[in-house]
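The values are calculated or read from the model by the stated rules, or taken from the named source; none is laboratory data. Being a predicted model, the structure only gives us computed values, none of them experimental. FYI the Cβ positions are ideal-geometry reconstructions off the backbone, even for glycines, and counts take in every protein chain you see.
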Amino acid sequence: MKEPTKKGYGWRFWAMFPGFCIAGLLSALDTTILSTVLPTIAHDLDIDVLYVWTINGYFLSQTAVQPLYGQIANIFGRRWPMIISVLLFALGSGLCGGATGTEMLIAGRVVQGLGGGGINVMTEIIVADLVPLRERQKMMGIIFTAFAVGTFIGPVVGGAIVERTTWRWVFYINLPLCAVTLVLLLLFLNVQHDRETTIMAKLRRIDFVGNLILIASVASILLALTWAGTTRPWSSWNTLVPLILGFLGLIGFMFFEGSKWCPEPTTPMHLFSNRTAASTYLLSFLHGLILYWASLFLPVYFQAVLEDSPEKSGIDLFACVVPMVPSAILGGIIISVTGRYKDLLVGGFVAMSIGMGLFTMLDNNTTTIVWVVFQVVLALGSGVALMATLPAILASLPESDVATATATWGFLRSFGSIWGVSIPSAVFNTRFNQLAHRISAEQLRSKLYDGGAYQLATSRFLKSLDSMPVVKAEVVSVYVDSLKLVWQVGIGLTVIGVPISLVLKSLKLRDELNTEYGFEERVSEKSDSGPEP
């Protein structure tokens, strides 16, 4: 067997590695940080029904541009797409922090998403270029840990900032961290790329038509999911028409990518041509869905049932974050040592299914140790499964597909997160409407209909009912039973991942590097007789 290439382990790799971790943390943090801050922002800027697009604008741009980054990385190299991603994220953060109105805030969030999507994809691609597949997950375990931590601590960070200072620092805090990341990338991310082809020739290779179809399709679906169950019923044409058009657009995108009219597709259809890659892409979608499912509705339980403050509910989520860190790192080590990923995926989805099942037992009498253990079970499964999806995909495809395969993986994970927000929200709102008749106070009941229960899922609201203990007990019971259905539906979607994991092939993970995008050798390094330390 050929010895693993160690090109990626030189001092330059380790010097810029903290930048990858910081960038991943920031990208993930901004997907959830507004959950506890948005009411304050909406009040200050007088945002009406458009408030939801401060979240969805980020999700839309982050998700839709990830396949494009994969293609751009192949055409323009890795260095400048990564640097531009961080610059866009910083620009968006500045726009949001300085926003004086709704339009500026939403525009800033869209720009942030353009940067965040690139950060997610480019980090994976660059590490793939510098570290052999079998060794790679040890490095990605640390980066994924930063991403997972950012996802789950977003609510507590947002709550802590808004309670101690202005909400604008939710965005301004990104700027110094982006500056550190940019310095590390500019100094140390010097990798090979094509310098001979002209800029115009490179631009002609970009699949503009395919990307426009994809972005329009994702936007249409997100628009429908934003309205569904809140401002419009699911049966309304306002919901069904954009939803159907979005899915038809995705089908049209796949046909276009595989047609003769697309000479260099953003998402080549051969990425799905084998059972292992196709199945693991589906698992990646499910994993993104499950992660956001839990991160969105566990805070609802903590605040509306246990009456935690926004900051305390974020701290309670640490029971999901802390176990995920060693779990992800351990999963990466196991993959590197054994070269096996299938067992981790099967075990991970089994554990996540059990965790979702345990959540159905949560109520207002659940003790702290119980809900902590329930979260730990889900977190352990999520951590190991997180580390195993991309190796399974890349093991089944040639090295030349690293960029496009990684970008497609990132897109499907992010697309899953959109559904991980929308599906449980629709389930919760619909179930609350069905059970609201159990609340005897008619005026209060009307406030909780059609999405009001989610918006009022705060300890402040529950404490305002202390003078009406009977009504408060009724409200809490409806929250408990509505959340129970959310977790029950989550079980069904999580369990799907178990048989899908079982059909994967156990393929060999490559020990060697075969890439044209490795580090550029400097003159002083070329003269060294020994390998880079």
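Hey, which of the helices (runs of 4 or more DSSP H) in the range 24-95, taking only ones fully inside, have at least 2 residues that are hydrophobic (A, V, I, L, M, F, W, C), assigned by TED's automatic domain parsing to the domain that holds residue 183 and buried (at least 23 other Cβ atoms within 10 Å of the Cβ)?
53-64, 66-76
Screening the range 134-182 for residues that are closer than 30 Å to residue 391 by Cα and modelled with pLDDT of 85 or more and picking the one that is surrounded by the fewest Cβ atoms within 10 Å (Cβ to Cβ) gives 180. When you go through 182, 203, 175 one by one, which is the residue that is within 30 Å of residue 250 (Cβ to Cβ) and part of a helix (DSSP H, G or I)? Only one candidate qualifies: 203.
Select, from 425, 482, the only residue that is touching a strand residue (DSSP E or B) at 6+ places or on another chain (Cβ under 9 Å), assigned to a helix (DSSP H, G or I) and crowded, with 18+ Cβ neighbours inside 10 Å.
Of the residues listed, the single one that is touching a strand residue (DSSP E or B) at 6+ places or on another chain (Cβ under 9 Å), assigned to a helix (DSSP H, G or I) and crowded, with 18+ Cβ neighbours inside 10 Å is 425.
With respect to the conditions (1) in contact with a Gly (Cβ under 6 Å, 6 or more places away or on another chain); (2) at positive phi, residue 292 falls short on a single one, namely (2).
Only helices (runs of 4 or more DSSP H) whose full extent lies in the range 288-372 are considered here, and none of them has at least 3 residues that are touching a residue at least 12 places away in the same chain (Cβ under 8 Å) and basic (Lys, Arg).
The residues in the range 261-271 that are crowded, with 18+ Cβ neighbours inside 10 Å and free of Cβ contacts under 8 Å to residues at least 24 places away in the same chain can be counted, and the count is 0. Which members of the range 428-440 meet the condition of being in contact (Cβ under 8 Å) with a residue 12 or more places away in the chain and either among the β-branched types (Val, Ile, Thr) or part of a helix (DSSP H, G or I) (or both)? Within the range 428-440, 428, 429, 430, 431, 432, 433, 435, 436, 438, 439 qualify. As a summary of the residue check, residue 269 satisfies the conditions (1) under 27 Å from residue 72 (Cα atoms); (2) of a type outside the set (D, E, K, R); (3) touching a strand residue (DSSP E or B) at 6+ places or on another chain (Cβ under 9 Å) except for the one numbered (3).
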